[in-house]
Amino acid sequence: MEAQRLSKVREVIEQQEMDALLISSPFNRRYVTGFTGTAGWAVITQDQAWLVTDFRYVSQAGQQAKEFEVVQHGGQPLELIREKLGAAGVKKMGFEKHHVPFADYETYERTFAGIELAPIGDAIEKLRGIKDEREQHCIRKAIEITEKAFAFILGVMKPGVTEREVAAELEYFMRKNGAVSSAYPIIVASGARSALPHGLASDKPLGMNEFVTMDFGANYEGYCSDLTRTVFIGKPTERHREIYQIVMEANQSVLEGLKPGMTGKEGDSLAREYITGRGYGDYFGHGLGHAFGLEIHEPMRFSQQTEDKLEPGMIMTVEPGIYLPDFGGVRIEDNILVTDTGIEVLTTSNKELIVL
Ligand SMILES: [Mn+2]
């Protein structure tokens, strides 16, 4: 797997007419090398691949980064890299412009004087957008853990239990069932707070006659899942039922309509036109979804600004919502895999309105 990734990175180096590429950001470094430690620089040329790290990580890196020669630095990693680049005759080196702070760039300019520094954009993130078999497996496992946690939490939720307790129970359950951690801070937003699309769990107790939106995921072997369900405690009014039904139908019409080759904008429109047609367009103020994998938000989007196309192997969220200030909100989020002919819906949790 890592050998394929390395050869794809070398294609990027060739296309961008560079002699080498320096990768320093954690997720790209992990993707390209397989090394999961928190410190290191991957340096790749057409015939060399070094992973420069420190004493703490040398043996771990040797086990994980099979395609790389692990080089231990003694506190001066960039000087060591400069020597390697000089010996390899590198004249032009790419670096990750989205991940290198200005101060580090100044250090690069000084340390790598004589080597042309070429900013690369999101070329590595683009490679990461297409998930291979092993990545798909990890994401499916993360989803499985998340969905088990959803089934479990329904038995915990009742008036008086705080949002924070719900979040803590979800996280504990996911860890006991194989997750490294939550994929991101868990959202539990009840009552009027459910109108906050990203309402982190608070000390508010769950009340009667309220929506509760839970947005959570597991990190399994580094890979995320991202599930949202909104449930109701007590007796829903007509209006609660109406907005729930519209969001559910928007979600379903997107899942029926998505195909490879569609743009992110076209995908977003499937939900937006449906919700707008039902009179709630102004209350669906965020994009329909996003790619995820090693990171919970990766570049591909379902949004009105996205002209990039869906390709087989992409894994995305579909998460329409309606948020009515001072009343409450509903979001229903599923995860999909784009296939050669359509999509596979990876999440299976019930999305009819659950009333507790
Ligand atoms: Mn999401």
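Tabulated data
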| quantity | calculated |
| --- | --- |
| Relative contact order (percent, whole number), segment 1-83, Cα cutoff 8 Å, 6+ residue spacing | 25 |
| The chain, relative contact order in percent, only Cα pairs under 8 angstrom and at least six apart counted | 14 |
| Set of aspartates and glutamates near residue 92 by C-alpha distance (under 20 Å), chain-local residues within fewer than 8 positions excluded | 11, 14, 17, 19, 47, 79, 83, 104, 106, 109, 116, 122 |
| Order of 288, 22, 356, 337 - criterion: other Cβ atoms within 10 Å of each residue's Cβ, fewest first | 356, 337, 22, 288 |
| Amide N of segment 34-68 lying under 20 Å from the label point, which is placed 7 angstrom from the Cα of residue 4 along Cα→Cβ | 34-36, 64-68 |
| Cα coordinate range in the chain, projected on the principal axes (Å, largest first) | 73, 39, 35 |
| Reachable lysines from residue 235, criterion Cα separation under 22 angstrom, eight or more residues apart if same chain | 158, 204, 351 |
| Flagged links, alpha-carbon separation over 21 Å, of 141/309; 8/66; 148/309; 131/259 | 141/309; 148/309 |
| Pairwise Cα inverse-distance average, inverted: Kirkwood Rh of segment 224-339 (Å) | 14.4 |
| Potential extension, residue 242-residue 25 segment - 0.36 nm per residue separation minus Cα distance | 73.6 nm |
| Protection proxy ranking of 182-193, 296-307 - average other beta-carbon atoms within 10 Å, highest first | 182-193, 296-307 |
| For segment 119-187 and segment 60-98, distance of Cα centres in Å | 33 |
| Dipole of the chain [Lys/Arg +1, Asp/Glu -1 at C-beta], most positive-end residue of 246, 172, 212 | 172 |
| Value in Å of the Kirkwood radius, where segment 2-128 supplies the Cα pairs that are averaged | 14.4 |
| Spacing of the two label points (7 Å from each Cα toward its C-beta) at residue 286 and residue 249, in nm | 2.4 |
| Amide N of segment 207-247 lying under 18 Å from the label point, which is placed 7 angstrom from the Cα of residue 148 along Cα→Cβ | 216-227 |
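All of the numbers you see were taken from the coordinates with simple rules; none came from a lab. Being a predicted model, the structure only gives us computed values, none of them experimental. Note: ideal-geometry Cβ built from the backbone for every residue, glycine included; neighbour counts use all protein chains shown.
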